[in-house]
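The values are calculated or read from the model by the stated rules, or taken from the named source; none is laboratory data. Since we're looking at a predicted model, the values are computed, not measured. Reconstructed Cβ throughout: ideal geometry from the backbone, glycine too, with neighbour counts over all protein chains shown.
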Amino acid sequence: MLTPTQLSQLIEQEITQLDLKGKPDNLYQPMRYIVSLGGKRTRPQLVVLGCELFTDNVQPALPAAMAVECFHNFTLLHDDIMDIAPLRRGNPTVHEKWNTNIAILSGDALFVKAIQLLMQVPNTTLIQCLTVFNATALHVCEGQQLDMNFETQATVSIPQYINMIRLKTAVLLGASLKIGAYIGGAVEEDAEALYKFGEYLGIAFQLQDDILDVYGNPETFGKQVGGDILANKKTYLLLKSLQVAHKYQLEVLQQWTQTIDYNPTEKIKAITEIYDYLNVRKLAEAEMEMYYTKALQCLATIPVSQERKHSLQQLAAQLMLRTQ
């Protein structure tokens, strides 16, 4: 069984060996750049851990692990364009460093590279892996479109929001695990249980992200605290507040979300005070814990030893214990 350090080293070694070279260089250089910016590499790790849950031989899962990492970076690259984001992990985004057209093409090329890598999985599981990957790729696009729709949609329900983050974020975690499980020889029932584990974990992770955006430590969170408030993002905290607020709080929330000219510090302070008054942080934390518990319950149904589940449980706990 791989230790967390060994797993991380294995993934980074595979990333350094990715073939992202070719001509013209201004197509391939941005691909190398976005992949080199790092990150937690959670998704390729999940492919390997999904495989390792059922077999000691994880080598056949490595091309698939690189496939989901290339796909994930493709989504980040295009998301940055749509969000007009200047920075990614503290560095200039591809469209800022080069231009938007190059960023679009480099993202497209990363998607193709992901397919090429996935084609290297064993023939016995290729159709299963491709089916999961293709369905997931469409789901991620659907989730991104819903997220953009919500920006101008007057009313968004909490179930609609949960479905959006499920599609945009959570399904790729589930797919990474399921692809790894197929390669490891899992039966369909166990592969599906592992998928649900990843999906519920992804929803819990995104809900935690909503909470940390308001209440996180700016020195450790890695993002601007209050960024979702300034962007009028329809997060769980905002939607829950709109659901439980009294007339006065509703008026204040609507005033701040509809005002174009404002002091950012004042806006964050005013809306956070309403969240505090309505206790929506605890409500969001309860929702997050519910999905995390559901994830662990799915993992518990898989008939393998506790020793084999330990690494997945450990990674899940790390994802849910980000410093606040």
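Among the residues of region 151-170, write down those that are hydrophobic (A, V, I, L, M, F, W, C) and at pLDDT 95 or above. Answer for region 151-170, where residues must be hydrophobic (A, V, I, L, M, F, W, C) and at pLDDT 95 or above: 156, 158, 162, 164, 165, 167, 170. Within the bounds of region 276-292, is there any residue that is without any contact (Cβ under 8 Å) to a residue 40 or more places away in the chain and among the β-branched types (Val, Ile, Thr)? Within region 276-292, not a single residue is without any contact (Cβ under 8 Å) to a residue 40 or more places away in the chain and among the β-branched types (Val, Ile, Thr).
Note on region 41-74: residues that are over 30 Å from residue 101 (Cα atoms) and under 15 Å from the mean Cα position of the chain (by Cα) amount to 3. Has region 152-163 got any residue that is in contact with a helix residue (DSSP H, G or I) (Cβ under 7 Å, 6 or more places away or on another chain), crowded, with 22+ Cβ neighbours inside 10 Å and in a helix (DSSP H, G or I)? Yes, because at least one residue in region 152-163 is in contact with a helix residue (DSSP H, G or I) (Cβ under 7 Å, 6 or more places away or on another chain), crowded, with 22+ Cβ neighbours inside 10 Å and in a helix (DSSP H, G or I). Any residue in region 313-324 that is among the charged types (D, E, K, R) and either within 19 Å of residue 171 (Cα to Cα) or free of Cβ contacts under 8 Å to residues at least 12 places away in the same chain (or both)? The answer is no, given that none of the residues of region 313-324 is among the charged types (D, E, K, R) and either within 19 Å of residue 171 (Cα to Cα) or free of Cβ contacts under 8 Å to residues at least 12 places away in the same chain (or both).
Condition check ((1) touching a strand residue (DSSP E or B) at 6+ places or on another chain (Cβ under 7 Å); (2) of a type in the set (Gly, Ala, Ser); (3) within 12 Å of residue 180 (Cβ to Cβ); (4) buried (at least 20 other Cβ atoms within 10 Å of the Cβ)) across all residues:
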residue	(1), (2), (3), (4)
3	no, no, no, no
23	no, no, no, no
34	no, no, no, yes
39	no, yes, no, no
53	no, no, yes, yes
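For region 270-324, the candidate set comprises residues that are closer than 18 Å to residue 55 by Cα and of a type in the set (A, V, I, L, M); within that set, the residue that is surrounded by the most Cβ atoms within 10 Å (Cβ to Cβ) is 312. Of the residues 47, 35, the single one that is more than 23 Å from residue 200 (Cα to Cα) and either part of a helix (DSSP H, G or I) or aliphatic (A, V, I, L, M) (or both) is 35.
Residues in region 54-79 that are assigned to a loop (DSSP other than H, G, I, E, B) and in contact with an Asp or Glu (Cβ under 8 Å, 6 or more places away or on another chain): 54, 58. Exactly one residue out of 178, 223, 233 is among the charged types (D, E, K, R) and at pLDDT 95 or above, and it is 178.
Residues in region 91-105: is at least one surrounded by fewer than 17 Cβ atoms within 10 Å (Cβ to Cβ) and assigned to a loop (DSSP other than H, G, I, E, B)? Looking for residues that are surrounded by fewer than 17 Cβ atoms within 10 Å (Cβ to Cβ) and assigned to a loop (DSSP other than H, G, I, E, B), one finds at least one in region 91-105, hence yes. For first residues located in region 64-92 and at pLDDT below 95, partners that are outside any helix (DSSP H, G or I) and among the hydrophobic types (A, V, I, L, M, F, W, C) and lie 6+ apart or on another chain with Cβ distances below 7 Å form the pairs 88/37; 89/37; 91/37. Can you find even one residue in region 120-140 that is of a type in the set (Gly, Ala, Ser) and closer than 20 Å to residue 315 by Cβ? So far as region 120-140 goes, no, none of its residues is of a type in the set (Gly, Ala, Ser) and closer than 20 Å to residue 315 by Cβ. Residues of region 248-266 that are β-branched (Val, Ile, Thr) and closer than 17 Å to residue 277 by Cα: 252 alone. Within region 203-217, is there a residue that is modelled with pLDDT under 95, surrounded by fewer than 21 Cβ atoms within 10 Å (Cβ to Cβ) and not in a helix (DSSP H, G or I)? For region 203-217, residues modelled with pLDDT under 95, surrounded by fewer than 21 Cβ atoms within 10 Å (Cβ to Cβ) and not in a helix (DSSP H, G or I): present. Among the residues of region 274-289, is any under 30 Å from residue 1 (Cα atoms) and out of contact with any Gly (no Cβ under 6 Å at 6 or more places or on another chain)? Checked region 274-289: at least one residue is under 30 Å from residue 1 (Cα atoms) and out of contact with any Gly (no Cβ under 6 Å at 6 or more places or on another chain).
Yes or no: residue 120 surrounded by fewer than 17 Cβ atoms within 10 Å (Cβ to Cβ), assigned to a loop (DSSP other than H, G, I, E, B), at negative phi and modelled with pLDDT of 95 or more? It is true that residue 120 is surrounded by fewer than 17 Cβ atoms within 10 Å (Cβ to Cβ), assigned to a loop (DSSP other than H, G, I, E, B), at negative phi and modelled with pLDDT of 95 or more. Considering only region 292-324, how many residues are hydroxyl-bearing (Ser, Thr, Tyr), under 20 Å from residue 189 (Cα atoms) and under 19 Å from the mean Cα position of the chain (by Cα)? Matching residues across region 292-324 total 1. Those residues that are among the aliphatic types (A, V, I, L, M) and within 19 Å of residue 141 (Cβ to Cβ), I need them from region 95-118; list them, please. 103, 104, 105, 109, 110, 112, 114, 115, 118 - these are the residues of region 95-118 that are among the aliphatic types (A, V, I, L, M) and within 19 Å of residue 141 (Cβ to Cβ).
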